[in-house]
1. Restricted to Cα positions, what overall size does the chain have along the principal axes? Three whole-Å values, descending.
2. Just report the Cα centroid separation between the stretch 8-36 and the stretch 248-269, whole Å.
3. As a footprinting exposure proxy, order 246, 158 by other Cβ within 10 Å, with the fewest listed first.
4. Going highest first, how would you order 52-65, 277-290, 16-29 by mean Cβ packing within 10 Å?
5. List 192, 44 from most exposed to least, where exposure is judged by having the fewest other Cβ atoms within 10 Å.
6. Pop out the Kirkwood hydrodynamic radius of the stretch 84-213 from its pairwise C-alpha distances, inverse of mean 1/r, in Å to one decimal.
7. Expressed as an acute angle from 0 to 90° and rounded to the nearest 10, what is the orientation of the C-alpha long axis of helix 218-229 relative to the principal long axis of the chain?
8. Build a GNM of the chain with springs between Cα atoms under 10 Å: which of 260, 242, 133 gets the top mean-square fluctuation?
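Rule-based calculations on the coordinates, nothing more; no lab input. What you see is a predicted model, and the numbers here were worked out from it, not measured in a lab. We place every Cβ from the backbone using ideal geometry, glycine too, and count neighbours over all the protein chains shown.
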């Protein structure tokens with residue numbers, strides 16, 4: 001009997017438009033009715049994950065920033081964290097600035113960036129359909145280094161680096177991997193998201209990586225949570241599509257990869273379900289839990 005279901009968001013629960021289908025919502029509702037703990041586990045910041053958890057009524061716990069934070073939604077407090085300190089963030093920001101590479105810095109509730117591009121453009125577009133109290137807070141700052149240097153904020157979730165040139169991107173990744181005390185996510189493929197503008201659609205594609213503090217991953221955060229809840233790892237199902245889901249897919253009682261996952265993610269999964277645009281989350285819930 002499975003007692004906890006951990007679900008990634010982008011590329012997994014969300015379709016290419018950043019939406020949760022009615023099929024996925026209904027399947028999660030049925031799982032919750034069977035007293036299964038449903039936990040959204042994402043690379044996104046707190047507010048963004050909170051809003052999506054509310055949409056599917058998964059209102060107990062969320063995992064944010066690739067496992068940097070476990071948040072108790074009932075108590076409205078962080079119960080576990082592993083965050084980057086300010087000095088480390090400044091060190092990383094300096095490298096990005098010196099190499100003219102696009103990046104964004106995530107605090108617990110804000111994305112700091114120089115302009116709306118790549119992943120931040122997608123979040124900005126999502127905001128257009130949300131009420132003010134549910135928007136992802138995006139702070140546009142021209143001099144991010146000095147902004148952070150003078151900020152009272154001492155801890156940060158992650159830095160996301162993006163570029164549409166693989167040559168430029170890979171050279172920056174090599175430099176980032178020389179920095180001690182951080183984990184650099186090895187994403188081997190381009191991210192592709194679809195944005196709607198009126199009746200027109202256009203896609204944004206880019207290479208990206210995410211830099212967290214050392215030993216941040218979704219499974220470590222989940223391990224903390226299941227120990228707290230008295231759940232065994234054999235009673236956990238994890239569903240994901242990307243390299244930041246790999247460790248939780250490998251370690252769960254049942255690790256599920258999406259059909260749209262990279263080949264190496266599908267290879268280590270126990271089961272492969274349909275794509276995120278074909279309600280793969282709903283299908284695996286129906287097959288395994290219902």
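1. Principal extents (largest minus smallest coordinate, Cα): 53, 45, 39 Å.
2. If you average the Cα positions of each part, the centres end up 17 Å apart.
3. Values: 246 23, 158 28.
Placing the least packed residue first, the sequence is 246, 158.
4. Values: 52-65: 21.2, 277-290: 19.2, 16-29: 17.1.
Going from most to least packed, we get 52-65, 277-290, 16-29.
5. Ordered from fewest to most neighbouring Cβ atoms within 10 Å, 192, 44 come out as 192, 44.
6. Details: mean 1/r = 0.0649 Å⁻¹.
Radius from the Kirkwood sum: 15.4 Å.
7. The helix 218-229 is inclined about 50 degrees to the chain.
8. 133
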